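Notes to accompany the following structure.
The values are calculated or read from the model by the stated rules, or taken from the named source; none is laboratory data. A quick note: this is a predicted structure, and the numbers were derived from the prediction, not measured. Please note: Cβ atoms are built from the backbone with ideal geometry, for glycine as well, and neighbour counts cover all protein chains shown. We work out accessible area using only protein heavy atoms, side chains counted, and drop any ligands, DNA or RNA first. Shrake-Rupley method; radii C 1.70, N 1.55, O 1.52, S 1.80 Å.
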Amino acid sequence: MPNPVRIYVLHHPESELGAALADRIYDWFRLPSLEGIPVYIRSVAAGPDGRPLDPAGDPKSNSALEYLIPLVDAQMVRDPVWHDYLVALAEGCASRGSTASCTAGWVMFPVGLDSSAFNLPRAITRRNFIRHNIAAPTAALPPAEQENLNAEETLKHLTEALARDLNGRLFPEQAAARFRIFISYSRADSTDVAKSLRDYIQGETQCQVFLDENDIAYGQAFDESLEANVSDHSRAMIVINGDNYADRPWCRWEIGRFTAPRVVPLDVGSPARGGSSRKIHLFHPLLVVDGIRGPAMTRVLPELAQAPVVRWEAGRAKLCFSVLMREVLLGLKDVLVARQVLAGDDLRDAVVVNRLPGPIAIEGLLRARTQAKGARPATTVTIHYPGNGLPLIELRLLQRTFEGVRFCAFRDVMRDGVGSVRGRAVMGAKMHRGLERLQTDHRASFPLQGKVFAISTAHSRRELAALGYLPQHQDEALIHLLRPLFRMGADILFGGLPPTAVPRSGTEPSWSATRNITATLVQLLANERREDGDETGDKKSPAVRGPLIFNVPPWPASRTITPRDEAGWINSCRILYVTPEDAGLPPWPGDIPHNTEEPPPGYRRYVSRVLSEMRRRYEGEYRCRLPAEGERVIRPSAFIFIGGKLEDFSGVLPGIMEEFLHASRTQRPIYLIGGLRGAAGAIARALCAAEGAPRPPEFTIEHYLAQKSPRALTDYPALLAEIEAAGDPHPGALLEELWEVIEKHRGSGLARLFRNGLTDAQNRDLLETANTYDAVRLVWEGISNASGLLNATASPASAVKAGKPTSRRPPRGGKKR
């Protein structure tokens, strides 16, 4: 389902600063939960004219509000192609209805990275630029820290600009007014923090502040002024939670008054239809600044619910303001999401909110609904809330607290109860029934208990950029895909770095230094994990362990894992080691080289042999000892391939090519997502080519021998020389076998090769689509249809048995307990 608000970051492909800032913008607006605003890029050429794609790929589309953020530097200014491209976008901003009250079209906010930005055509420079390097360089700061300050300043201005723009579009009557922020504090905690925030916001932003110390005129009624500013004028609140705040009645009154929702038409800009059936309860954003200083005990305020919290330190006023304005922007965005997702729905027996409030506010919503004049009684009330859905344990907690209330996320795949969104199937019937039962019955079995999905993924940043994607978008697709699989009890076999490791810096962009997809998946699994009986107190319920990630980190990175690391991951992630000895090699002599720019002789071969052994076991099995279960055989039930490197890789072949060959030998289900290109895309293109089509260069050794890698460890000619000198099998034989598999199954043999529950036509769609939501939907449907993947929905006891190795079945005729 398309998003109603999107951000497009435009930067020249030769701009290193533009690429780094694009990553910062993605991180800031998308959020780790993926529930923020989608961010895409337009950088590399998409056609022979050298111009990138237009946003959304269709300049005539007017279905979403698309913010265009050109990051303008000298590289962009000196390029005539980019001049023409930006002028065309600027003209599109005017032609596509980007007026103050329109919630669709293009809106441009250019960012000047240096002074040359103002040499662009007037169609661009007539706009007020956000200056990226407005702060004067400080001699005492290293360049990296100075750039970090510049990036924070740019993100602050950009967040404020987008929030104010969207607020004015949703509520045109507020468009001309300055955005007002109410600061709530206790005088007993001093006014230092409140004044620091007021001074920063008043002096460094385009917003204004209400602070009772200065903004209530002498002789004016105290309560009347607070009432007007809390309920009518202010659009956001900062709560300074100090030592004495919770004990002050006026402070509690301010929070309670501000957090009361405003009921506004869901179809913004038009009268509400059908009385109250098309309305949304709008909660204004609230930020808590933790100003607790003394050792005295204070209290948690239940009214603050799920508000974000920032600990106060001197110099953090910018961060507080930026986080608050991001909350403003996301809350407004979710009004548009609700309007899109619930279009045409009868909402008379439902409550729609732009953020999920705490239990006190939920109780208030339900009470107000039942007391409303003319409200129709209903046995079940549905609360529609933003995001992708609560973790299973939180969802069940709310369902037990509020009996008869159904909580339904805007983008939950289960949202309409029949396995489709607007008539479009999102997964097969069997998978849908299993998920539905899990959400309503805490004793339901896990449909994928005991099944292991082997995940193979790697990023090809250059090829993703041609699609307008960042590597993060590939990770998004994987997270979206795995969430319901974890909820249904599936285990994951995943190669790559362990959860705490940091990728090599080398030639990789700086964004990778803080990202680790294994750690992200561990957190995702923790949100969906449960043990039967734990959450209900039902000790008679049989213990069913939750899903696990079996991580196979490459040697020698696995040597950095400590016993304390493994102990910290034991409930979510187990490490499966593969060493040189496992690959038939003697232990590596000497120390592991830290500088791989000049690896010692034979080191490349050791690394590639261990990687090949790791991949070969995908065809066979791993073994792992689990607490209370004994030794378990880890054998993939299905394989999922996405992305993959075709250059700068370590090993005898691109990793996904080698793993795909092993998977094809098993005759188990394979899901090959090819539209995101990379090694998976090369295999997909070869399978979709006509019979008799020439052999692509990616399937020849000569292609890799001709590559010039910037990293010595991935110098393929040097690796091949070491392999030949040692008498190891030549990787050309693997490529020949892989090509035979492709030639045998291309065209009409896809379903026979993949055995994944999809038809030839559906598999071709999976191989070709660059739409990650469509690809994920196809994988879900295949899992639902594939023979032997989904267990029959049965009692919890049968699910326990399904999770144990077949060799450990209980003897027949045993006593019942």
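Of the whole protein surface, residue 773 contributes about 80 Å² of accessible area at a 1.4 Å probe radius.
Could you check how much of the accessible area of segment 304-406 is carbon and sulfur, as a whole percent, using a 1.4 Å probe? After summing per-atom areas, the C and S share lands at 53 percent.
Summed over the residues of segment 682-796 and divided among them, the accessible surface reaches 45 Å² per residue at a probe radius of 1.4 Å. From most to least packed by mean Cβ count within 10 Å, the peptides 339-345, 160-166, 673-679, 251-257 give 673-679, 160-166, 251-257, 339-345.
The slack in the chain from residue 633 to residue 125, taken as 0.36 nm per residue of separation less the alpha-carbon distance, amounts to 176.5 nm. By accessible area, using a 1.4 Å probe on protein heavy atoms only, segment 9-81 has 54% of its surface on carbon and sulfur. Converting phi to 3J(HN,Hα) with the Karplus coefficients 6.51, -1.76 and 1.60 and the offset θ = phi - 60°, segment 116-127 yields 5, 4, 7, 8, 6, x, 4, 4, 9, 6, 5, 7 Hz in sequence order, with x at every glycine or proline. Sparsely packed loop sites in segment 304-401 (the GluC sites (Glu not before Pro) outside DSSP H, G, I, E and B with at most 12 other Cβ atoms within 10 Å) comprise 313.
Taking amide hydrogens as placed 1.01 Å from N in the peptide plane, the amide H of residue 588 sits under 5 Å from that of no residue at least 5 positions away in sequence or on another chain. Whole-Hz Karplus values for segment 17-28 come out as 5, x, 5, 5, 5, 4, 5, 5, 5, 4, 4, 6 Hz, taken residue by residue from phi with 6.51 cos²θ - 1.76 cosθ + 1.60 and θ = phi - 60°; glycine and proline positions read x. Rounded to the nearest Hz, the phi-derived 3J(HN,Hα) couplings of segment 450-460 under the Karplus curve 6.51 cos²θ - 1.76 cosθ + 1.60 (θ = phi - 60°) are x, 8, 10, 9, 8, 9, 10, 8, 7, 9, 10, where x marks glycine and proline.
Taking amide H as placed 1.01 Å from N in the peptide plane, the amide H of residue 264 sits under 5 Å from that of 280, 282, each at least 5 places away or on another chain. Taking amide H as placed 1.01 Å from N in the peptide plane, residue 632 has its amide H under 5 Å from the amide H of 624, 625, 626, each at least 5 places away in sequence or on another chain. Annotation: residue 427 carries an accessible surface of approximately 10 Å², with a 1.4 Å probe and no ligand, DNA or RNA atoms counted. Gain on full extension, evaluated as 0.36 nm per residue between residue 78 and residue 148 minus their Cα-Cα distance, stands at 22.6 nm. Our estimate of slack between residue 598 and residue 726, defined as 0.36 nm per intervening residue step minus the Cα-Cα distance, is 44.1 nm.
With respect to the cross-link table entries 156/195; 195/333; 156/333, which display a Cα-Cα separation exceeding 28 Å?
195/333
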